Each structure stands twice: as structure tokens, then as C-alpha cells.
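The block underneath contains the structure these notes are about, expressed in C-alpha cells.
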Amino acid sequence: MTADTGKPSELAGTDAPDRANTNDKLEALETFRSDATGEALRTNQGLKISDNQNTLKVGQRGPSLLEDFIMREKITHFDHERIPERIVHARGTAAHGYFQSYECHSALTKAAFLQDPGKQTPVFVRFSTVQGPRGSGDTVRDVRGFATKFYTDEGNFDLVGNNMPVFFIQDAIKFPDFVHAVKPEPHNEIPTGGSAHDTFWDFVSLVPESAHMVIWAMSDRAIPKSLRTMQGFGIHTFRLVNAEGKGTFVKFHWKPKQGVCSLVWDEAQKLAGKDTDYHRRDLWEAIEMGDYPEWELGVQIVPEEDEHKFEFDLLDPTKIIPEELVPVTPLGKLVLNRNPDNFFAETEQVAFCPAHIVPGIDFTNDPLLQGRLFSYTDTQISRLGGPNFHEIPINRPVAPNHNGQRDGMHRMTLDRGRASYEPNSIDGGWPKETPAGPRDGGFETYQERVDGYKIRQRSDSFADHFSQATLFFNSMSEPEKEHIIAAYSFELGKVDREFIRARQVNEILANIDLTLAQRVAANLGLPAPTAGTVPVKPSSLKQSPALSQMNLLVDSIKGRKVAVLVADGVDEGTVASIKAALEAEGAHAKVLGPTSAPVKTAAGGTLPVDASMEGLPSIAFDAVWIPGSQQSVQALSGNGVALHYVLEAYKHLKAIGVSDDAKDLLDLLRLDQDAGLLVGDGKVADFIAAIKQHRVWAREPKAKAVPA
Ligand code: HDE
């Protein structure tokens, strides 16, 4: 018998079914979880500790003794608690869940986890920012990582993607340059978490292939409302391979069932200070409340024979395939339903690698992807302290993994047998190769003919750097365009060297869109460019509606958060009815008072509050509701924090609903009613409809005049 599968050993290593029982394996992983409830405090060697308060000393006031092995063990372990953070994507948060295929996709791929619609494959997903260190703010302007580990029966498959579908560079050899440029500047380590500084803009203004990704990074996509409202993309073109060996090009997409929406810039900046953990808290709380976020995994499918049919090269990671040209075919759903038990053991120690694939999935020659295949395992060796990081519980596959690899730092497996080489005759030849096969076979690389000279060159088909940046800009709604102009102006305004600002405006933006360049130039006090610097062949598609977040909302307020502002004298009944109406739609209402103490109700009772208005500011909510009575509204009208609350929610274009009693409060603030600023206890349905729209965009020009 084999230890892992319990099946006769003569079957192992052949093309007979070699499936581990996923549930048994997951249970086995549970043995790594440690619960100290009811347990004695002990040393790492198992010794029970009688005094964890005092070091061993000579007398009560005497020197400490080196002999105190208990204190030394504790402090030594503590001294080594930190491991190097990730070089990029250091700030992250993660959750467990499962993936389930909608149907059998055998025509496309032989990957087992995409065959059986009844099967739930365990997954672990880590979201991250790119630039900032581990303790940096969640809501900074940045790309977000979206890395998924599928623990399939055939081995781990890691889809290590981002929330934007393109990348800054075309060739892996430029990655250290790009990362050095975007990271904080070397002399003073400023800025933390952002790209608004000279070295980043110096690099991207000199490297036009970054133009498309930079415009994504200057768009609202770089300040997502929540990790739950982000799309994800595999970026590179991958290959799926079916049992007949037929390959198909694909691009992977994650589409959130929660819709796609973003913060506004002022809100993102404030949140970075007021709640550094805004995104990780939101994800954690959603899962704890049972609002399990879901995404649909889909692929854009391109038959191999169509490889050269596009205006761009499928191997160029700075290009999308517009969804209007190739729609996304849904494959299955991802549900995140369990928070980790231990941040370090799981979220910090998880090690993703784009080279972790399973039979039925393969790479293409995208030169960025090719470099990534090397980099991720290499970086784990120093980050996780040696070559055995695959043995850390969160990284272990649920499939068995026997081979002749031995020893090394932190080896945990007690390999039995004498032969750690292959072929061998001492251990019966085990473990043996498995011939490639349609099902349960050994991995076989897709056979692709390659013929060429050894050269260091970029393909001419990678030369167009602007047409898709233009397509992106043209696909934005007016508010989204304004945000992009504002973001370039803000970031370049933080650049000290004027020649860098000018180069970005004249040599990059002017080639994307002249109005964009001129508006940014005006905001920076630079001469307006009148023409681009290179000829650009425009994309034959004028717009791609799938790129605008305005088209990616959902018809639901499930999971949205609403602040209900109360003060002494509040009408308890209206609080209860708005809460009930919101909760019936799956939203969450929190009652906020002037302090955390309960408020007095109109009927003479008390109403507990969830928090004070200062404790949970308006930026933590999607909408605000002010119930009656006149007395409580009057109290709020004399409270600066409450007035600021409403103004700020207005400025951030949120839905605000107030009872008839609160009309005067709006007059006091000189706020006009609009599609999202509603007066009247009966306006609950309109209020809910406004929350669905996520923001009241028509209000934006007016809101600019409201103090921040
Ligand atoms: Fe990464 N990237 N990357 N990257 N990347 C890392 O691996 C690298 C790229 C992405 O939550 C590192 O384990 C190179 C593209 C995510 O743990 C490192 C190149 C995309 C994460 C690394 C790229 C990504 C990483 C740092 C250019 C989107 C976080 C720590 C050739 C498709 C995964 C680590 C997590 C992390 C290298 C470009 C996504 C240094 C060399 C393109 C989501 O190995």
C-alpha cells in the first residue's frame, strides 16, 4: 500500500487513477492547526512551565542567570519572528474557499478540476497591494494582486494575477528596473505605498510600453472600493490543452458577483490614515457575517489558428483582447467562505508561483511570463528560508508529492526508504514516472515547434504602445475620464523635476490623447502639447464598454454598509424600519451616535449605538440615513462631527436619505436634493436604488465646491 492513497503500491506510478482523497488530505492538514485551549504552557521541548513571569535570578534583586533555558528559548524564538517581506506585494490579506466548475470543459482542457461540476476544489486567495511594505495602507493608489492557489487532485495550480489586465513592461528582464523605480526612493524611503514620486515617473516616461498600464493605474481601478469589488486577470495569454493534445490560447478573467466599483480619491486618501486596514477588515467582516464573496472564472478563447488575427500580439502582456472581440466564456465559480486561523502561517507563508500548473494548462512564450516562471520559486528560497517551503502546511498540495528531493533547511518530511534516486532497484523502483495520458497522466509539455536564432530582440509586433491606452481612455465615462486627468495631475504634481513632468505629458500622454495631455499640462502649468511625438495607428475598435466600471455594477445592495445617524430624542421606530428595509436587501446598517453611549429615544427609553460617528466615519460607509425626530435632528444640526459626516458623504457622492424632520439640516448645509439626496421617510425605495448606483455621478461637479 502507499502511505498517501492507501491503494496497492503496484498501481502507483502507472496511468491508473492516482487521486488522493481531497477531504482526507485536508483533514491531514488540520493536524498542523494548534489549539491551546485546556493545554498547559510548555517549552518547545514539551516541558511544563511553572513560572512565565520571572527570569531565573540570583536573589530577588540579583543578576539574571544564563542558565535560564526557558527565558533563552522564548527570547531566541522571538528574536527570529520576522521573515523578509515579499519584495513586491508585501501587503496582503487572504481567505480560504472553493472553486466549482459549472460544467465539464473537456473540449478545452483535461485539467481535472474543470471537469466535474459536482466537485469543490479547495482554494486559498491572497489579495495584495504592490508597492507598499507589510504595514502600509490598504487604499493607496496601486495595482492589486489577486493570487489563487487551487489545491487540485493533480497538484497545485496557482493563478497569480492582478486586478488590471495588462502590465507595465513586456520583458521580465525589465522587472527589477520597474520595481526599483516604483518602490520608495532610496535616500529617504518616501513615499510609502504610492507611485507619486520622481523615480516612478522618470522610468515610465522613458519606457513607452508602460503607457497602457499606467493609464489603468491612474484610473479608478487603482483605488478599489473593496477587494470584493475587483476584477482579476491572469494577464498573460496561457494555453489550455485537452485530452487529445489540442491547445487553445486563453486569457483568464475573474468577475466579481458583487459588481466592480471604486473609492473616490479623497476617500481613498483619508481611509489610508483613518483605517489602514480598510480592505482587509472589509473582507474579513464580510466572511464572518456570511456574505461570502464570489467571482466567476472565465476565459477568452482564441483558437491556435487565430494567433495572428489581431492588431496586437497575443504574447504582449501590455495588451488586452477587448471583450467585444472575444467574449469571456464562464468556467466556474469561486467562493471565499473561511478566514485564516493564523495570518503568518497562512497569508504570510503562502508561496505562489505561475509555474505551478496541472495537466491541461500550459504556458505561452510571453517573455514576461517566461521570466516569472523562474522568479517566484527563487524568491521563496530567501523569503521562506530554504527549498522546503512546499512543506509549509498552506503550500502543501492535496495530491501526494513523492520524489527524490531530500534534506535542506527546515526539512519536515521523514522520507522512508533507502533510494532517493531514480531509477533504483532497492525500493522497488518507487516512486516511478507516470506516462502522460488523457486522464491522471504525468505532466507533458505542450509540443510547440520553435525555430529561430538566439537573439536579444523585441518583436516588431510589440511596438505599438499607445493604441490600447487610447482605447481605454475613450471607453471611459466622463466622470472616469475626469478622474484619470486628476490622477495624472496629482501624481505628476508630486514630481520635483519638471523635465520628467514634461516628458510624461509630451512623449506619453500626447500620444494617448491630446485633450488628456493638454488638461494635465494646464494643471501642471506646462505648455500644452499640440501633437504627439510618434505616429500611432488607432485601434479599429473605438470603444470597449467592458472597460468602464459604470457598466459593471450589479442590481443589488447586498453587502453594502449604511450609517444611521442618531442623537437623543430619536424616533426608535424609524430606526428599526430603515434597518429592517436595508437588511431585507442584504445590506448592513450601523447606528451611530455622538458618542458610543446609548442615546435616549423619543419614547423615553434608550437605544444602544454600534459606534460613535468619529469611531466609524462616513468614509467607511456606502450611504447615510438620518431618521427623525425633530429633537434628534436638532441635536445633530448642532454637532460639528454630524454635520461634517453628511457633508463628507455628499462630497463622496454617496446616497443620503433623511427623514422629513431633517430637511432643515440639509438647508443648513446648503445641500440641494438630487437623485441620491432624498428627503422623506417614504423615500426608502429611492434610497436603495441610489445605493445600487454606487455613486451619484451627476453631483460631482457641484460636490467639488463642498469642503473636504
Ligand atoms: Fe509578480 N512577483 N512578478 N507579477 N506577483 C511576486 O513573488 C515577478 C508580475 C504577482 O500574494 C514575487 O512570492 C517578476 C505580473 C502577485 O504572494 C516575485 C515579474 C503579475 C504577487 C515576483 C512579475 C504579477 C507577485 C514577490 C515580471 C500579474 C503576489 C513575492 C517578469 C500577472 C503573490 C513572491 C502573493 C509576487 C516576481 C510580474 C502578480 C518577486 C519577475 C505580470 C499577485 O517573485
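The values are calculated or read from the model by the stated rules, or taken from the named source; none is laboratory data. The shown structure was predicted, so the numbers you read here are calculated from the model rather than taken from an experiment. Every residue, glycine among them, receives a Cβ derived from its backbone with ideal geometry; neighbour counts consider all protein chains shown. Heads up: the accessible areas ignore ligands, DNA and RNA and are worked out on the full protein's heavy atoms, side chains in. Shrake-Rupley method; radii C 1.70, N 1.55, O 1.52, S 1.80 Å.
Summing +1 for each Lys or Arg and -1 for each Asp or Glu among the other residues whose beta-carbon sits under 9 angstrom from that of ASP198 gives -1.
Report the Stokes-Einstein translational diffusion coefficient (µm² s⁻¹, integer) for region 506-624, Rh taken as the Kirkwood radius over Cα pairs, at 20 °C with viscosity 1.002 mPa s.
Details: Rh = 18.8 Å.
Once the numbers are plugged in, D ends up at 114 µm²/s.
Surface exposure of region 193-294, expressed per residue as accessible area with a 1.4 Å probe, stands at 26 Å².
Taking every Cα-Cα distance in the chain and sorting them into 20 Å bins from zero, the calculated P(r) comes out as 15, 43, 32, 9, 0 percent.
Accessible area ranking (1.4 Å probe, heavy atoms, ligands and nucleic acids excluded), largest first, for MET409, MET550, MET289, MET476: MET409, MET289, MET550, MET476. For the chain, the fraction of 1.4 Å probe accessible surface lying on carbon and sulfur atoms is 52 percent. Sorted largest first by accessible area at a 1.4 angstrom probe radius, with every protein chain in place, the residues LYS561, LYS246, LYS225, LYS579 fall in the order LYS246, LYS579, LYS561, LYS225.
Between Rg and the Kirkwood Rh of region 153-234, both from Cα atoms, what is the Rg to Rh ratio?
Details: Rg = 14.7 Å, Rh = 14.4 Å.
With Rg and the Kirkwood Rh in hand, the quotient comes to 1.02.
Across the cross-link table entries LYS251/LYS454; LYS149/LYS333; LYS119/LYS333; LYS251/LYS333, which are compared at the Cα atoms, the separations over 19 Å belong to LYS251/LYS454.
LYS119 contributes an accessible area of around 50 Å² to the protein surface, as traced by a 1.4 Å probe with all chains present. Pairs over the 28 Å Cα-Cα cut-off, from the set LYS246/LYS542; LYS270/LYS683; LYS481/LYS692; LYS174/LYS225: LYS246/LYS542; LYS270/LYS683; LYS174/LYS225.
Extension gain VAL706-LYS454, at 0.36 nm per residue separation less the Cα-Cα distance, in nm? Let's see the in-between values first.
On the way: separation 252, 0.36 × 252 = 90.72 nm, distance 6.11 nm.
So the extension gain works out to 84.6 nm.
Suppose all protein chains stay in the model; what accessible area per residue would a 1.4 Å probe give for region 34-118, in Å²?
On a per-residue basis, 69 Å².
Could you run the Debye sum over the Cα atoms of region 561-703, one equal point scatterer each and no solvent, and tell me log10 of I(q)/I(0) at q = 0.09, 0.14, 0.17 Å⁻¹, two decimals? For region 561-703, the Cα-only Debye profile gives -0.22, -0.55, -0.84.
Net charge within 10 Å of THR574 by Cβ-Cβ distance, Lys/Arg positive one each and Asp/Glu negative one each, not counting THR574 itself? Each step should come with its number before you reach the end.
Values: positive: LYS579; negative: ASP571, GLU572, ASP661, ASP681.
Result for the local shell: -3.
Against the compact-protein benchmark of 2.2 N^0.38 Å, the Cα-based radius of gyration of region 42-140 scales to 1.97. 3J(HN,Hα) along region 320-337, derived from phi through the Karplus expression 6.51 cos²θ - 1.76 cosθ + 1.60 where θ = phi - 60°, amounts to 9, 9, x, 5, 6, 8, 9, x, 8, 8, x, 10, x, 10, 10, 10, 9, 10 Hz, with x in place of Gly and Pro. Near SER659, the amide H atoms lying under 5 Å from its own belong to ILE626, GLY628, GLY680; only residues 5 or more places off or on other chains count, and H is placed 1.01 Å from N. For SER556, no residue has an amide H sitting under 5 Å from its own, ignoring neighbours fewer than 5 places away on the same chain, with H placed 1.01 Å from N. Estimate the FRET efficiency between ILE83 and GLU307 by the formula 1/(1 + (r/R0)^6), using the beta-carbon distance for r and 41 Å for R0, to the nearest 0.05. Plugging the Cβ-Cβ distance into 1/(1 + (r/R0)^6) gives 0.45. Over the residues of region 193-310, compute the C-alpha Rg and express it relative to 2.2 N^0.38 Å. Rounded to two decimals, the normalised Rg is 1.38. The distance separating the Cα centre of region 113-131 from that of region 601-651 comes to 41 Å.
Solvent-accessible surface of region 561-703, averaged per residue with a 1.4 angstrom probe and all protein chains in place: 39 square angstrom.
Ellipticity at 222 nm from helices only: DSSP H runs of n ≥ 4 in the chain, each -39500 (n - 2.57), divided by the residue count, give -7500 deg cm²/dmol.
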